[in-house]
Amino acid sequence: QVQLVESGGGLVTAGGSLRLSCAPSTSIFSFNAMGWYRQTPGKQREPVATITSGGSTTYADSAKGRFAISRDNAKNTWYLQMNSLKPEDTAVYHCAAQTPWREYWGQGTQVTVSS
């Protein structure tokens, strides 16, 4: 069973930065695409950023210009660099990965941005 383990969440003041990491229990090359999603209580999980095996990236409008998704093949990890954080970015952030057959999800890491 493939596991994804997130790290890097925490409490930060508005305007600050955090970097989230996601480390899978299998090779990163197993995945067609990897991404980050977030969820707040009472709302559906929403995509934040994705990156394909070819390196193409997509961002939610709310993340454009502030967040950056990247991958480090040597470290078998992908990241979400979040800058200029706002209180509305407060959420549980989940990493996800997709193979041709299924999706995998991490347990989530809490990001709290105080005003």
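Selection of segment 30-54 for residues being exposed (fewer than 15 other Cβ atoms within 10 Å of the Cβ), modelled with pLDDT of 95 or more and not polar (S, T, N, Q) yields 46, 47.
Let's see how each residue does on (1) among the charged types (D, E, K, R); (2) touching a residue at least 24 places away in the same chain (Cβ under 8 Å); (3) over 15 Å from residue 77 (Cβ atoms):
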position	(1), (2), (3)
2	no, yes, no
11	no, yes, yes
26	no, yes, no
29	no, yes, no
41	no, no, yes
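The residue that is surrounded by the fewest Cβ atoms within 10 Å (Cβ to Cβ), among those in segment 95-113 that are more than 12 Å from residue 9 (Cα to Cα) and hydroxyl-bearing (Ser, Thr, Tyr), is 99.
Of all residues in segment 64-75 being within 18 Å of residue 46 (Cβ to Cβ) and either charged (D, E, K, R) or over 11 Å from the mean Cα position of the chain (by Cα) (or both), which is least open to solvent (accessible area, probe 1.4 Å)?
Of segment 64-75, the ones within 18 Å of residue 46 (Cβ to Cβ) are 64-69.
Applying the additional criterion that residues be either charged (D, E, K, R) or over 11 Å from the mean Cα position of the chain (by Cα) (or both) yields 64-66.
Working: 64: 120, 65: 89, 66: 32 Å².
Going through the qualifying residues, I end up with 66.
Among the residues of segment 13-29, is there at least one that is open to solvent by 50 Å² or more (accessible area, probe 1.4 Å), closer than 27 Å to residue 87 by Cβ and part of a strand (DSSP E or B)? Yes, because at least one residue in segment 13-29 is open to solvent by 50 Å² or more (accessible area, probe 1.4 Å), closer than 27 Å to residue 87 by Cβ and part of a strand (DSSP E or B).
On the stretch given as segment 76-94, residues that are over 17 Å from residue 52 (Cα atoms), touching a residue at least 40 places away in the same chain (Cβ under 8 Å) and open to solvent by 10 Å² or more (accessible area, probe 1.4 Å) total 6. Counting only residues that are touching a Lys or Arg at 6+ places or on another chain (Cβ under 9 Å) and assigned to a strand (DSSP E or B), which one in segment 60-85 is farthest from residue 13 (Cα to Cα)? Among those residues, the one meeting the criterion is 77.
The values are calculated or read from the model by the stated rules, or taken from the named source; none is laboratory data. Remember, predicted model here, so these are calculated numbers, not experimental data. Cβ coordinates were reconstructed from backbone atoms using ideal geometry, including for glycine residues, and neighbour counts include every protein chain displayed. Calculation scope for accessible area: heavy atoms of the full protein, side chains included, ligands and nucleic acids excluded. Shrake-Rupley method; radii C 1.70, N 1.55, O 1.52, S 1.80 Å.
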